[in-house]
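Take a look at the structure set out below.
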Amino acid sequence: MPRAFRGFTLVELLVVIAIIALLMALLLPAVQGVRESARRTHCGNNLRQLGIAAANYSTQNDGLLPPGNPAQTGTTSVYHGLFSHLLPHLEQLSIWDELDKNAANPGGNKHRNTVVATYICPSWPDPALFTNHSASLAYMNGAITTYQGCNGATIPGRSEVACPAFGNLPNNGLVRYGEGATAAEAFLAASLPTAAVRDGLSTTLLLAEFVHRDHDFGVYKPAPGNVRPWILSSNGTKGLYTSKVVRFAPNQQLDRTSDGALFNHLPFGSYHTGGLLTTMGDGSTRYIDDYVDLAVFRAAATANGQEVNAALP
């Protein structure tokens, strides 16, 4: 007689399913953690490349750091800023060659919609290109960057570039705002000589992650939030699109309207857990914890503040 084989009972099947579900629940966080670790490493590599690009620019331009936010004196016109000038040192010479470096208001260039992968943190969850904003919000349209240069930090008693609408500029960091009658003059005014960095390039912030979205009553505003296209240097009235001032600790949840946070002073931040990645003036990268001492963070933002105990951990 053929032997009869008994199938699984319902209880046995449920036990097997429960075991599989438990294993998946245990493994999924580990897989997600590995993926985030890979994204964080990729982001660090991006920032390292940007730091090296800035160093190469300095070597080829008599020790000047790349111009941050150059503008035309007495007008609302601006010129190509930090992320445009880094292009030829990031193997993006074809884009750089097609930019009119002497033209004011570079936002009309066709490469406004060209995504540069090195300018985007892989943990950024939204598109790298925005094209659907209305005319009144056209400054949000274009290929974005999730990194910003550091304009510095306020030092009591030191003069600042007045900008009541968007936040005064201490202009004492590595990435400067400057004005000139021509593009060449503006570039020079917005470029800091490395010889003027009294606090040391290895201890001064050059770039950091920036992904800020206004956060009001527990709700984040839609992307891209306060992130802007890489090709824009500023809005023409000293609202900076390629650099920020260190006023708050990393990843602070603030709203420009309800909290009165000014655009130039919005906090650096990232989608990495617990902090953000930065590049120092010598091209090295640092991970800065959300709970970093704010005084130390602000001291590291200045190029010639001569602060005591300003070294980041």
Notebook entry, point to check: Of all residues in region 260-274 being of a type in the set (G, A, S) and out of contact with any Leu (no Cβ under 8 Å at 6 or more places or on another chain), which is surrounded by the most Cβ atoms within 10 Å (Cβ to Cβ)?
Noted result: G274
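Looking at T237, T273, T278 in this structure, which one is over 15 Å from the mean Cα position of the chain (by Cα), of a type outside the set (K, R) and at pLDDT 95 or above? Steps first, answer last, please.
Working: T273 fails: at pLDDT 95 or above; T278 fails: over 15 Å from the mean Cα position of the chain (by Cα).
Selected residue: T237, the only one of T237, T273, T278 that is over 15 Å from the mean Cα position of the chain (by Cα), of a type outside the set (K, R) and at pLDDT 95 or above.
For F210, are the conditions met, namely being more than 25 Å from V116 (Cβ to Cβ) and not polar (S, T, N, Q)? Explain how you work it out, then say what you get.
Working: more than 25 Å from V116 (Cβ to Cβ): no; not polar (S, T, N, Q): yes.
No; evaluated as a whole, the condition is false for this residue.
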Item checked: Residue that is among the small types (G, A, S), within 19 Å of R298 (Cβ to Cβ) and in a loop (DSSP other than H, G, I, E, B), where the choices are G157, G149 -> G157
Margin query: Quick check on region 33-65: of everything there that is over 17 Å from Y147 (Cβ atoms) and in contact with a strand residue (DSSP E or B) (Cβ under 7 Å, 6 or more places away or on another chain), which residue is surrounded by the fewest Cβ atoms within 10 Å (Cβ to Cβ)?
Written below: G63
Next item on the list: Tell me, please, whether a residue that is farther than 15 Å from Q148 by Cα and in contact with a strand residue (DSSP E or B) (Cβ under 8 Å, 6 or more places away or on another chain) can be found in region 215-225.
Entry: yes
Note to self: So, L206, is that one of a type in the set (A, V, I, L, M, F, W, C), in contact with a Ser or Thr (Cβ under 9 Å, 6 or more places away or on another chain), under 19 Å from P67 (Cα atoms) and not in a loop (DSSP other than H, G, I, E, B) or not?
What the structure shows: yes
Next item on the list: Could you tell me which numbered condition N105 fails, if it satisfies all but one of (1) within 24 Å of A138 (Cα to Cα); (2) at pLDDT 95 or above?
Entry: (2)
Notebook entry, point to check: How about region 120-135: which of its residues are assigned to a loop (DSSP other than H, G, I, E, B), touching a strand residue (DSSP E or B) at 6+ places or on another chain (Cβ under 9 Å) and farther than 24 Å from T273 by Cα?
Noted result: T131
Next item on the list: Take the residues in region 82-110 that are in contact with a strand residue (DSSP E or B) (Cβ under 7 Å, 6 or more places away or on another chain) and of a type in the set (A, V, I, L, M, F, W, C), then tell me which one is surrounded by the fewest Cβ atoms within 10 Å (Cβ to Cβ).
Entry: A104
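Residues are listed down the side, and each one gets a yes or a no for (1) charged (D, E, K, R); (2) without any contact (Cβ under 8 Å) to a residue 24 or more places away in the chain:
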{"position": "T194", "(1), (2)": "no, no"}
{"position": "D199", "(1), (2)": "yes, no"}
{"position": "L205", "(1), (2)": "no, no"}
{"position": "F210", "(1), (2)": "no, no"}
{"position": "G218", "(1), (2)": "no, yes"}
{"position": "P229", "(1), (2)": "no, no"}
Notebook entry, point to check: Does region 111-119 contain at least one residue that is surrounded by fewer than 17 Cβ atoms within 10 Å (Cβ to Cβ) and not in a loop (DSSP other than H, G, I, E, B)?
Noted result: yes
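Checking the condition over 21 Å from L86 (Cα atoms) and hydrophobic (A, V, I, L, M, F, W, C), which residue from F166, F210, F187 passes?
Details: F210 fails: over 21 Å from L86 (Cα atoms); F187 fails: over 21 Å from L86 (Cα atoms).
The match here is F166.
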Check: Any residue at all in region 203-217 that is buried (at least 19 other Cβ atoms within 10 Å of the Cβ) and of a type in the set (F, W, Y)?
Finding: yes
Checklist line | Pick from region 155-184, criterion crowded, with 18+ Cβ neighbours inside 10 Å and among the charged types (D, E, K, R), ranking: farthest from K101 (Cα to Cα) | finding: R176
Checklist line | Total residues in region 160-189, condition acidic (D, E) and either in a loop (DSSP other than H, G, I, E, B) or closer than 17 Å to L262 by Cα (or both) | finding: 1
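The values are calculated or read from the model by the stated rules, or taken from the named source; none is laboratory data. Just so it is clear, the model here is predicted, and its values are computed rather than measured. Reconstructed Cβ throughout: ideal geometry from the backbone, glycine too, with neighbour counts over all protein chains shown.
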